[in-house]
């Protein structure tokens with residue numbers, strides 16, 4: 001019986017693979033891309049210069065809707081097909097090629113556009129037009145690189161790292177289930193949301209926008225990676241501005257990201273939340289300015305936690321994104337760098353402590369849901385066709401085990417783990433987050449965090465402490481002064497020290513409760529599952545003296561009557 005099950009399982013796998021092959025073979029866009037790319041790979045050659053060994057094309061075929069409104073009035077609306085792609089080429093071989101060893105975007109990577117009437121023919125023309133100059137540029141880049149290698153004293157261990165990851169090819173095929181883009185509905189939605197922003201008379205400016213893209217992403221590379229993958233993103237974006245009595249303008253942005261129309265909140269719920277956000281902004285405008293510097297325990301709550309993690313571990317050039325040291329000095333001059341020209345020093349911390357012992361960092365980019373909630377950063381394959389793991393341990397008990405990587409190898413991360421991710425509304429891609437969970441042990445309930453904060457502050461000689469708090473969908477982070485009796489007072493113009501490894505290595509308390517935030521990270525879809533609150537042992541808070549102030553308005557804001 002067990003043998004029968006094994007055979008059936010194997011048969012299903014083979015049939016599934018065969019089905020994908022059949023769908024790919026019959027897809028006119030994929031086959032058009034493959035035909036022209038293969039033709040260029042075979043024919044591009046000049047004299048003694050090296051020939052292309054790897055070419056890829058990524059193409060987005062989408063519908064695009066964009067609506068914006070201010071104070072209930074429609075400002076603009078558009079809906080049209082949007083077809084764009086990018087081509088990439090490497091000259092040489094896997095060991096040594098024109099890749100600058102800093103980023104997948106450091107080899108020739110440029111966007112092109114195709115009309116909607118004859119896509120297959122348009123694709124062939126644009127690919128041909130892209131790859132000819134790309135080959136010439138890449139071939140010259142490789143020659144320069146070879147000369148630089150002979151002229152520099154480069155360590156053998158660095159020379160031993162290949163320039164490109166020779167991953168096992170994968171193929172994937174899934175079509176977009178198209179959902180109608182109703183311009184009338186979204187125009188009305190946008191107008192009502194923009195009106196909600198102005199519902200408080202203290203708001204002096206703001207707008208609201210709906211941007212929707214849906215369609216399919218096509219990809220082919222000459223080393224066998226090939227896919228068609230659905231893509232959709234619904235972005236609801238607003239902004240509000242108010243002015244303090246002393247003339248300081250305060251701004252906040254509101255961002256909502258969804259993959260499915262069924263997840264978009266009803267307009268009544270959205271408007272209610274926007275009004276609550278505006279109350280926070282107005283409260284900040286009336287809050288006292290911080291008057292004294294502070295260095296002690298600080299409680300981060302809500303999106304302040306996810307922002308802190310992103311700032312140090314993702315946006316930081318020495319964070320969890322594996323970046324290879326440039327092999328030659330000239331690569332900074334000729335290539336495009338993801339985060340500058342220096343090596344990511346986090347690589348040197350492999351198997352060393354980089355965070356509090358109670359923390360595990362787990363990549364879940366291959367997981368579609370968590371606790372029944374959809375993960376925006378989930379993808380079945382990344383932009384280079386590599387399948388990400390559903391659970392990949394990056395940091396275990398505070399010890400660095402591995403980093404997020406793509407097909408540019410590094411010393412400690414020689415293989416891609418599927419984190420070259422599509423940029424929002426673009427065929428271009430970049431090494432990014434996907435889905436990250438920061439899981440903690442030895443935690444306390446979030447209701448006890450404030451008491452723990454006050455106790456920790458007393459040990460440092462303070463009869464008060466600070467809370468840095470953020471709210472999902474709202475860009476602004478607020479600072480509250482909390483007194484020994486537990487009551488809070490919002491303060492204005494408070495800035496905190498930049499977080500360092502030291503702060504993350506020694507955390508006072510961590511909340512038991514976790515929160516999910518679906519957002520954009522490095523201009524790609526991302527999801528963070530993080531503790532609701534963290535008490536850092538020592539953070540500096542001080543007054544921001546670099547504040548521009550305007551003259552107050554002479555007259556109050558006029559009311560507007562909006563025509564139905």
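No lab work stands behind these numbers, since they all come straight from the coordinates. Everything quoted here is computed from the prediction, not taken from an experiment. A quick note on method: Cβ atoms are made from the backbone with ideal geometry, for glycine too, and the neighbour counts reach across all protein chains shown.
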* the range 47-96: radius of gyration and largest Cα-Cα distance (Dmax), Å -> 20.9, 65
* Structure fact -> Taking the chain and counting helices only, DSSP H stretches of n ≥ 4 at -39,500 (n - 2.57) each over all residues, the nearest-500 ellipticity at 222 nm comes to -8000 deg cm²/dmol
* Return one number: the angle in degrees, 0 to 90 and rounded to the nearest 10, between the long axis of the Cα atoms of helix 28-43 and the longest principal axis of the Cα atoms of the chain. => 60 degrees
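Out of the DSSP beta bridges found with both residues in the chain, what percent are antiparallel (nearest 5)?
90 percent
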* Structure fact -> Against the 2.2 N^0.38 Å rule of thumb, the C-alpha Rg of the range 116-221 sits at a ratio of 1.97
* Structure fact -> Computed over the range 350-396, the convex hull of the Cα set has an average projected area, in nm², of 4.3 nm²
* Do me a favour and compute the ellipsoid semi-axes for the chain from its Cα gyration tensor, root of five times each eigenvalue, largest one first, whole Å. => 43, 31, 24
* Inter-probe distance in nm under a simple model that places probes 7 Å from Cα toward Cβ, at residue 401 and residue 538 -> 3.1 nm
* So what are the three principal axis dimensions of the range 149-306 from its Cα atoms, in whole Å, longest to shortest? -> 64, 52, 29
* Order of 352, 146, 192 from fewest to most other C-beta atoms within 10 Å? -> 352, 146, 192
* Structure fact -> Between residue 48 and residue 488, the two model label points (7 Å from Cα along the beta-carbon direction) sit apart by a distance in nm of 7.1 nm
* **Stretch gain in nm, segment residue 349-residue 128, where the contour uses 0.36 nm per residue and the Cα spacing is subtracted** => 75.1 nm
* Asked: Length gain on complete extension for the stretch residue 147 to residue 279, per 0.36 nm per residue less the alpha carbon to alpha carbon distance?
  -> 41.3 nm
* **Compactness of the range 204-264, expressed as Rg and Dmax over alpha-carbon positions, Å** => 19.3, 63
* Please report 264, 37, 91 as a ranked list, fewest other C-beta atoms within 10 angstrom at the top and most at the bottom. => 264, 37, 91
* Compute the distance in nm between two label points, each set 7 Å from the Cα along the Cα-to-Cβ direction, one at residue 255 and one at residue 390. => 2.9 nm
* To do: Report the semi-axes of the equivalent ellipsoid for the range 408-520 in whole Å, largest first, where each axis is √(5λ) for an eigenvalue λ of the Cα gyration tensor.
  => 35, 18, 14
* Structure fact -> Kirkwood-based Rg/Rh on the Cα set of the range 278-431 evaluates to 1.04
* Does anyone have the angle between helix 2-25 and the longest principal axis of the chain? Alpha-carbon axes, 0 to 90°, nearest 10? -> 80 degrees
* Using only C-alpha positions, report the orientation-averaged shadow area of the convex hull of the range 149-204, nm², one decimal. => 12.3 nm²
* Structure fact -> The extension gain from residue 117 to residue 204, computed as 0.36 nm times the residue separation minus the Cα-Cα distance, is 26.8 nm
